[in-house]
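I have placed the structure first, in the form of C-alpha cells, so that the comments after it can refer back to it.
The values are calculated or read from the model by the stated rules, or taken from the named source; none is laboratory data. Since this is a predicted model, take the numbers as computed values, not measurements. With ideal geometry, Cβ positions are generated from the backbone for all residues, glycine too; neighbour counts draw on all protein chains shown. For accessibility, only protein heavy atoms count, side chains too; no ligands or nucleic acids. Shrake-Rupley method; radii C 1.70, N 1.55, O 1.52, S 1.80 Å.
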Amino acid sequence: MDSSVYALNPQAPDRTGEDRALRERGPITRVDVLGVEAWAVTDPKWLRELFKDPLVSKSAREHCRDFENIVATWPLALWVSVENMFTAYGTDHRRLRKLVQKAFTARRTAAMIPVIESIADELLDDIDATHTPGEPVDLVAAYARRLPILFICRLMGLPEEEHDRVRHLADVIFSTSYSWEEQKASQAELYALLSDFVALKRENPGDDLTSALVAARDDEDGTLSEKQLTDTLLLMITAGFETTVGLITNAGFNLLTHPEELGHVRAGRATWSDVVEESLRRDAPIANLPMRYAIEDIDLPDGTVIRAGDPILPCYSAAGRHRGEYGADADQFLVLRVKKDHLAFGHGAHLCLGAPLARAEGAIALSKFFERYPHARLADSHTRTPVPSFISNTLTRLDVVLEPLPEGDTQ
Ligand code: HEM
C-alpha cells in the first residue's frame, strides 16, 4: 500500500482518473478530504465487510475523535453534524429511520408512479412548447434538475415558490468547492427556510410527509427533537434531489453517447431498468460519501489497522468500476452486462431509503424522454463540464438537439 496521502481534488475535473488513481493505491488508502485525513475504501468486497461491521459507525458525534474541531472548521461539517438517520448509530438509527420508512414501501412507491409520469409529461410538454427546432436544449436544466425537485417537494409538501431556493441551497451542500464560511452562510439560510416550513405545516397540516413528521414530533414524548425533525426534512429533500438529478443526467449522457446500447432497449433486449442499474454502477451519482468512523481498532486482511476514531470514506464511484468485481470491461457502459449489482445506494443498515423511488424516477424520466425524442443527439456545442464536487458525480449541463422525426417515420 502507498503510505503517502492522496488529496482529493475539490473541483473534481476528472472523476474517472481520480478513481483509477485511488484504486491503483490499493483497496484502502490514505486521502485528504478538504484538510481531514481519512481511509478511502475502493474495493467493493471490503466496503461490504465494513458496512456490516458493528465497529463502523456514521455517528461523528459519538465516534469521531476530533468532532468539535471538525464542526467548527471543516467545509463538509454538515455531512457529519446533522442529527438524523444519516449520522445515527444503532438503536438511534433504527428509530429515526422508522419514522420515514413507511413512506417508501414498495406499495407506496408504486402509488407514486402516476405522479412521476405526469410530472415527466408536463416537463416534456414544456420543452416542446419552448424550444426552437434545431437549437440545443440543456437537458439538465430543462428536465433532469426539475423532475426530482418537483416530485420530492410534492411528497414533502414544500411550496413550489421555494423550489429554486432549495435547489441552490442543496447544490451548495453537495459542492466541495465552497469555503467553510460560504457553507455556513448557505446553511443558515437553509435552516431558516426549513424552520419556516415546519411552522407552516404545524399551522396548516396537509397530506404530506412533513405534516406526518411534525405530527410524530408533537405526539411523541420528546424522543424526536425539533433539531432531528428539521434535519430529517433536510435529508429527505437534499438526498432525494441531487442524487436523482445525477442518475438521470448520467444515464441520459450514457445513452446519447452509446446509441448501440439504446438500440438494445428499443429492440426489447434490455429494459429501462437495465439502463438505470448499469448507469448507477458505472457512474455512481454519489462518488465519495463523508464519513464513517471506527469505534474500536479494526484489523484488515492486508495488515492495515484502522484506529478507533479514524474517519473512513466509502468511494462508491471507484468501487463501481472495480475490475476485480466487474472484469476488464468495467469502464464500459453495457446495458446487457450480467453482473448488475452495485453499491451506488450503499449497503447494510444505511442502504438508501429512497432507492426504489430513485429507480422509478430514473426509468420513467429516461423512457419518456427517449420515446418522445427518438432522434435526440448531443449538440456539437456540448462540452463535458463535471460538477465541482468529489461527492456528486455528474455534469452541469447536457446540450441536446431534439431532431424532429423524419417524414413518414413514426418512431
Ligand atoms: C439515484 C439516486 C440516489 C442515489 C444514488 C442515492 C444514494 C444514497 C447513498 C449512497 C446513501 C448512503 C448510504 C450509506 O450511508 O452508505 C443514501 C442514503 C439515503 N438516501 Fe439515497 N440515493 C438516491 C436517491 C434517494 C431518494 C430519491 C431519496 C428519498 C426521497 C433518498 C433518501 C435517502 C435517505 C433517507 C438515506 C439515509 C438512509 C440511512 O442513513 O439509513 N435517496 N442514498
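Listed values, structure above:
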item	result
Average accessible area per residue (Å²) across segment 6-402 - probe 1.4 Å, nucleic acids and ligands excluded	41 Å²
Three semi-axes of the equivalent ellipsoid, segment 144-233, Cα gyration tensor, whole Å, largest first	24, 17, 10
Accessible-area order (highest first, 1.4 angstrom probe) of the listed residues Glu260, Glu83	Glu260, Glu83
Anchor Lys339: lysines whose Cα lies under 16 Å away (excluding residues fewer than 8 positions away in-chain)	Lys45
Accessible-area composition of the chain, carbon plus sulfur, in percent [1.4 Å probe]	52 percent
Anchor Lys184: lysines whose Cα lies under 23 Å away (excluding residues fewer than 8 positions away in-chain)	Lys58, Lys227
Stokes-Einstein translational diffusion, segment 268-381 - Kirkwood Rh over all Cα pairs, 1.567 mPa s, 4 °C, in µm²/s	78 µm²/s
FRET efficiency, 1/(1 + (r/R0)^6) with R0 25 Å, evaluated for Asp138 and Ala355 via beta carbons	0.35
Rg/Rg_ref, segment 1-141, where Rg_ref = 2.2 N^0.38 Å and atoms are Cα	1.47
Relative contact order (%) - segment 11-106, alpha-carbon pairs under 8 angstrom, separation at least six	16 percent
Between segment 240-279 and segment 318-389, the alpha-carbon center distance in angstrom	6 Å
For segment 1-70, Kirkwood radius (reciprocal of mean inverse C-alpha pair distance, Å)	13.5 Å
Helical segments meeting 20 Å axial Cα length and Kyte-Doolittle 0.0 threshold in the chain (DSSP H)	106-130, 226-257, 355-372
Amide H contacts under 5 Å for Ala376, placed H, 5+ residues apart	Glu403
Segment 243-330: translational diffusion in µm²/s, Stokes-Einstein, Kirkwood Rh over Cα pairs, 37 °C, 0.692 mPa s	215 µm²/s
Given charges at Cβ of Lys, Arg, Asp, Glu: the chain dipole, positive-most of Ala111, Tyr143, Leu402	Ala111
For Thr396, solvent-accessible area (1.4 Å; no DNA, RNA or ligand), Å²	60 Å²
Kirkwood Rh, Cα atoms: Rg over Rh of the chain	0.96
Inter-probe distance in nm under a simple model that places probes 7 Å from Cα toward Cβ, at Glu403 and Asn9	3.3 nm
Theoretical FRET efficiency, 1/(1+(r/R0)^6), r = Cβ-Cβ of Glu226 and Glu117, R0 41 Å, to 0.05	0.70
Other-chain or far-sequence residues with amide H under 5 Å of Val33's (modelled H)	Ala38
Percentage of interatomic Cα-Cα distances in segment 161-316 larger than 25 Å	54 percent
Accessible-area value, Met236, 1.4 Å probe, nucleic acids and ligands omitted, Å²	20 Å²
Space enclosed by the convex hull of the alpha-carbon atoms of segment 70-192, per residue, Å³	147 Å³
Most mobile listed residue (Ala267, Ala12, Ala363) in the chain, GNM with C-alpha springs under 10 Å	Ala267
Theoretical gain in end-to-end length, Ser273 to Gln332 [0.36 nm per residue, Cα-Cα removed]	19.5 nm
Heavy atoms of Phe345 accessible to a 1.4 Å probe, total area in Å² rounded to 10	30 Å²
Full-stretch length increase - Asp128, Ala308 - with 0.36 nm per residue and alpha-carbon distance subtracted	59.2 nm
Segment 6-402 - percent relative contact order, Cα under 8 Å, separation 6 or more	27 percent
